[in-house]
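The values are calculated or read from the model by the stated rules, or taken from the named source; none is laboratory data. Since we're looking at a predicted model, the values are computed, not measured. Here the Cβ positions follow ideal geometry from the backbone for every residue, glycine too, while neighbour counts run over all protein chains shown. With ligands, DNA and RNA removed, areas are computed over all heavy atoms of the protein, side chains included. Shrake-Rupley method; radii C 1.70, N 1.55, O 1.52, S 1.80 Å.
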Amino acid sequence: DGGITQSPKYLFRKEGQNVTLSCEQNLNHDAMYWYRQDPGQGLRLIYYSQIVNDFQKGDIAEGYSVSREKKESFPLTVTSAQKNPTAFYLCASSTSGAPGDTQYFGPGTRLTVL
Amino acid sequence: AQKITQTQPGMFVQEKEAVTLDCTYDTSDQSYGLFWYKQPSSGEMIFLIYQGSYDEQNATEGRYSLNFQKARKSANLVISASQLGDSAMYFCAMRESLQGAQKLVFGQGTRLTINP
């Protein structure tokens, strides 16, 4: 069964802590993306990666970091520098990032800062 | 910068009726793509339909069709014969190319409620 998995589904963080959100795909996709969704809003791009060991900042990268050591995995770390991290985080992947490629999304992680 | 506008925060429709969700976009690119996604209460974004700017025919996928009017910069989603399971948030998105990858710019979404 091909798809994108994200874990955990719910995550609670104390202020000042770093947390890492997991994203794994077995679709053999080259490109992977992280988006943030706030209540009642659309998605905003945090980071994206077209290829292993390479990634680029999106529109709202401040306070976040990523790594892409394997094709299948693109974890997102929410650092203590992120001022308002409570949100819904969605990971996506696409074949190559070429025009017309569809991005497929994982089930999301809901992060709450206590 | 590209922008997507969805002017209907919420819509209520009777089951089995057709529904049109509005989407207008703003871009200076000649080549672009438009997507519609469905987000049920579980949160996952489900891809519904895609329209490329050079596609001559309106895209269709089962009960979903995209009413693409290039001159008016609109890409409305039409759902025929609505079902209770269609109740969800619907997002229109535009592809923006950046350094070879594609970034999706999303609208604010429309919450669709299907009444029995």
Study note, to complete from the structure: Picked from segment B:32-43 (must be in contact (Cβ under 8 Å) with a residue 40 or more places away in the chain and in a loop (DSSP other than H, G, I, E, B)), the residue surrounded by the most Cβ atoms within 10 Å (Cβ to Cβ) is B:32
Review point. Which numbered condition trips up residue B:43, out of (1) modelled with pLDDT of 95 or more; (2) on the phi > 0 side of the Ramachandran plot?
Key: (1)
Point to revise | Near pairs, Cβ below 6 angstrom, 6+ apart or cross-chain, from segment A:58-82 (within 17 Å of residue A:22 (Cα to Cα)) to any residue that is among the aromatic types (Phe, Trp, Tyr) and part of a loop (DSSP other than H, G, I, E, B) | key: A:68/A:74
Exercise for review: Kindly establish whether residue A:27 is among the aliphatic types (A, V, I, L, M) and facing chain B (nearest Cβ under 10 Å).
Suggested key: no
Study note, to complete from the structure: Scanning segment B:1-18 residue by residue, those assigned to a strand (DSSP E or B), over 15 Å from residue B:36 (Cα atoms) and within 14 Å of chain A (Cβ to nearest Cβ) turn out to be B:10
**Study point:** Residue list for segment A:64-85, filter: in contact with a strand residue (DSSP E or B) (Cβ under 7 Å, 6 or more places away or on another chain) and not charged (D, E, K, R)
**Key:** A:64, A:65, A:66, A:73, A:74, A:75, A:76, A:77, A:78, A:79, A:82, A:85
Revision key, fill the gap. Restricting attention to segment B:22-54, the residues that are of a type in the set (Asp, Glu), within 21 Å of residue B:72 (Cα to Cα) and within 11 Å of chain A (Cβ to nearest Cβ) number exactly 1
Check your understanding: Is at least one residue of segment B:71-94 open to solvent by less than 20 Å² (accessible area, probe 1.4 Å) and more than 21 Å from residue B:4 (Cα to Cα)?
Key -> yes
Revision key, fill the gap. Of the residues in segment A:73-113, those that are open to solvent by 30 Å² or more (accessible area, probe 1.4 Å) and in contact with a Pro (Cβ under 8 Å, 6 or more places away or on another chain) come to A:113
Exercise for review: Kindly establish whether residue B:52 is under 10 Å from the mean Cα position of the chain (by Cα) and open to solvent by less than 10 Å² (accessible area, probe 1.4 Å).
Suggested key: no
Review point. Residue A:68 fails exactly one of the following numbered conditions: (1) open to solvent by 40 Å² or more (accessible area, probe 1.4 Å); (2) of a type outside the set (Phe, Trp, Tyr); (3) within 14 Å of chain B (Cβ to nearest Cβ). What is the number of that condition?
Key: (1)
**Study point:** Which numbered condition residue A:42 fails, given (1) without any contact (Cβ under 8 Å) to a residue 40 or more places away in the chain; (2) more than 10 Å from chain B (Cβ to nearest Cβ); (3) open to solvent by less than 50 Å² (accessible area, probe 1.4 Å)
**Key:** (2)
**Study point:** segment A:10-26: number of residues that are modelled with pLDDT of 95 or more and outside any strand (DSSP E or B)
**Key:** 1
Review point. Which residues, taken from segment B:55-104, are among the aromatic types (Phe, Trp, Tyr) and under 12 Å from residue B:34 (Cα atoms)?
Key: B:68, B:91
